[in-house]
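Each remark here refers to the structure printed beneath this line.
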Amino acid sequence: MKELLTKNFWRDVKRTFDEAHEGPATGSPTNTNVSAPAGATAKVQATAAELRAILFDMDGVLYDADRSIAGAVETVQWVQSEGIPHLFVTNTTSQSRADLVCKLAIFGIAAIEAEILTPSAAAAEWLRTDAKGSVAAFIRPAARKEFADLPLLPEDAERGAAYVVIGDLGDLWDYRTLNRAFRLLYHHPEAKLIALGMTRSWMAADGIALDAAPFVVALAHASGRKPLVFGKPSGAFFRAAADRLGMAPGQLLMIGDDIETDVGGAQAAGLKAALVKTGKFRATDLDQAIRPEFVLDSVADLPRQWGGGRSDV
């Protein structure tokens, strides 16, 4: 019996994470990095010629925690000077868009809130049109600004939620908090479980750290609820970015450091993707079934790649 329960648990874990990706990317292009075969150059050039806009992941691409990644500021400034449409897309739920604008400004990157797409903003916008009851938000205080005009339950409530929103609480997670989220779902069979992204981990200042996905998966398994995912790797999140830019998904290049959430999620939604060797990138990422169109040493290589579709970056 114990073996059966364990098997069922891991089956549910895989199903929950796979469903968040909305299925595997089909027909994923061949990886065209520094070691690409000579015959791949024409394909890289053709792919680059289709691109019209850029989506920048933030943490791990533009900066690592509080340290700017070399060349990132200059690359964004180049994109802005060239008039290339772009958005900053992040699964960060520990800060509001206003906070992220300030953080980018500290590094020398000019941005406005409308150029930043976050799971919190996307979920809050959806809740304003769909909300049919109270919201329990398991997010850090700074990110609660996005939900300020919604009917939020007190932070100690264990009943009464029509929506249970799970973000990155970081060190604020403990057994009691996780169990409170479970009780809110348990006591209201119709309550919706909302995931602010399905990123497994992120690179914190002191090393790799759990993100929201492990907690969402635990609650989904315990409650039997399928999560509604706002943020990467949800296809709806990437399509929302394309809609905001007024372009077809295939005209967008997603630049990220996460082979699954950034690259796989983008490709499943019809976008092209570039994997950077910064942030939480690992060499084994290049051995996976997901194959990015481009592999860059860092985002600093983007201007050369964008212009000529070169495979020798």
**Message:** Checking the table LYS145/LYS277; LYS103/LYS145; LYS192/LYS232; LYS145/LYS280; LYS192/LYS272 against a 24 Å threshold on Cα-Cα, which pairs fail?
**Reply:** LYS145/LYS277; LYS145/LYS280; LYS192/LYS272
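Kirkwood Rh over alpha-carbon pairs of region 45-90, then Stokes-Einstein at 20 °C and 1.002 mPa s: what D in µm² s⁻¹, rounded to an integer? Walk me through the numbers before you get to the answer.
Working: Rh = 11.6 Å.
The diffusion coefficient I find is 185 µm²/s.
Based on Cα coordinates alone, diagonalise the gyration tensor for region 120-230, multiply each eigenvalue by 5, take square roots, and list the semi-axes in whole Å, largest first. Spell out each step's value before the answer.
Numbers: eigenvalues 86, 52, 34 Å².
Semi-axes (√(5λ), whole Å): 21, 16, 13.
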**Asked** Taking only the alpha carbons of region 68-151, what extent do you get along each of the three principal axes, in Å, biggest first?
**Response** 46, 23, 16
**Message:** Run the reach check for LYS226 against aspartates and glutamates, Cα to Cα strictly under 15 Å, same-chain hits fewer than 8 apart removed. What comes back?
**Reply:** ASP12, ASP18, GLU19, GLU22, GLU190
**Asked** Taking K and R as +1 and D and E as -1, what net charge do the other residues with C-beta under 15 Å from the C-beta of LEU184 add up to?
**Response** +2
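For region 198-313, what does the alpha-carbon gyration tensor say about shape, rounded, prolate or oblate, given a ≥ b ≥ c as the root eigenvalues, a/c under 1.5 as rounded, and a/b over b/c as prolate? Can you show the working numbers first?
Values: a/c = 2.37, a/b = 1.39, b/c = 1.70.
Oblate.
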**Asked** Where the centre of each part is set by its Cα atoms, how far does region 75-99 sit from region 241-289, in angstrom?
**Response** 15
**Under 5 Å, built H, 5+ apart or other chain: amide partners of GLY231** = GLY197, PHE237
**Asked** Which order, highest average first, do 259-268, 64-73 follow once you tally other Cβ atoms within 10 Å for each residue and take the mean per peptide?
**Response** 259-268, 64-73
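A short reminder: the numbers here are calculations on the coordinates, not readings from a lab. Since this is a predicted model, take the numbers as computed values, not measurements. A quick note on method: Cβ atoms are made from the backbone with ideal geometry, for glycine too, and the neighbour counts reach across all protein chains shown.
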